[in-house]
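Here's the structure, in structure tokens; my notes come after.
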Number of protein chains: 2
Amino acid sequence: MKKNYTIRTRIWVDEKEGPFLGIGRVVLLEKIKQTGSITNAAKEIKMSYRQAWQLVEDMNQRAEEPLIEKVLGGKNGGGAILTKAGEKAIKSFYALEQKVKKFVANESKKLKF
Amino acid sequence: MKKNYTIRTRIWVDEKEGPFLGIGRVVLLEKIKQTGSITNAAKEIKMSYRQAWQLVEDMNQRAEEPLIEKVLGGKNGGGAILTKAGEKAIKSFYALEQKVKKFVANESKKLKF
């Protein structure tokens, strides 16, 4: 019987030192942008502060320019903001994801099992 | 600082009724081919017989032609063999994976973060 198949994909961007960006990290960046702090962003995605902080450190080190900038002072021990490079990283990730989705959508038309 | 990025991907093929093939299921097919039975294949990949059996049922139903054929009789309650369609499915999955890898390898050259 003739059937129709679709291809699902997931992508991760790695740097020489290790993982750099995946959808989970991109959502963390978006939440930091929305909430203005790593603490609040971590809460929203039910991640420990410690792990969120570690992911931010990794991303900052593996990016060509930091994606997140820590802001000293204020209550809660200061906030964090998404840099221009951070904004660009989010956009680039989604653009890449779209390109891959488009490529596999086209490939899926050729599938026969 | 200039850095180099690489893209990792994972792919899954879905049919209307649900998931059809992913690398885990392809390995199950390969192990059935090697061992001649679902029981032995399940053991090798540390999966319960029940789950392996369910995956085989799903794949057979979602493929245009069955990928695995159950052979009655013999000790251990009979074996299972990979059909021609099963052989083709494994090849098609890896070919698709290679195409996607090639596409993203090319995309990764353009990445800047």
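Here, each number is a calculation from the coordinates, and none is a lab measurement. Source: prediction; values computed, not measured. FYI the Cβ positions are ideal-geometry reconstructions off the backbone, even for glycines, and counts take in every protein chain you see.
Quick notes on this structure:
- Residue match in the range A:58-70 (condition: of a type in the set (A, V, I, L, M, F, W, C), more than 10 Å from every other protein chain (Cβ to nearest Cβ) and farther than 15 Å from B:Arg8 by Cα): yes
- Selected residue (criterion: surrounded by the fewest Cβ atoms within 10 Å (Cβ to Cβ)) from residues of the range A:33-51 that are within 17 Å of A:Gly79 (Cβ to Cβ) and of a type in the set (S, T, N, Q): A:Gln34
- Taken over the range B:89-113, the criterion of being facing chain A (nearest Cβ under 8 Å), under 21 Å from B:Gly24 (Cβ atoms) and crowded, with 17+ Cβ neighbours inside 10 Å is satisfied by B:Ala89, B:Ser92, B:Leu96, B:Val100, B:Val104.
- Whichever residue in the range B:1-46 is among the β-branched types (Val, Ile, Thr) and either facing chain A (nearest Cβ under 7 Å) or in contact with a Leu (Cβ under 8 Å, 6 or more places away or on another chain) (or both) and, among such residues, is farthest from B:Ile81 (Cα to Cα): B:Thr6
- Taking the listed residues A:Lys102, A:Lys88, A:Lys31, the one that is touching a helix residue (DSSP H, G or I) at 6+ places or on another chain (Cβ under 8 Å), free of Cβ contacts under 8 Å to residues at least 60 places away in the same chain and part of a helix (DSSP H, G or I) is A:Lys31, with no other qualifying.
- For the criterion of being crowded, with 17+ Cβ neighbours inside 10 Å and aliphatic (A, V, I, L, M), B:Leu72 fails.
- Checking B:Ala41, B:Ala95, B:Ala85 one by one, the residue that is within 15 Å of the chain's Cα centre (by Cα) and over 26 Å from A:Thr6 (Cα atoms) is B:Ala41 and no other.
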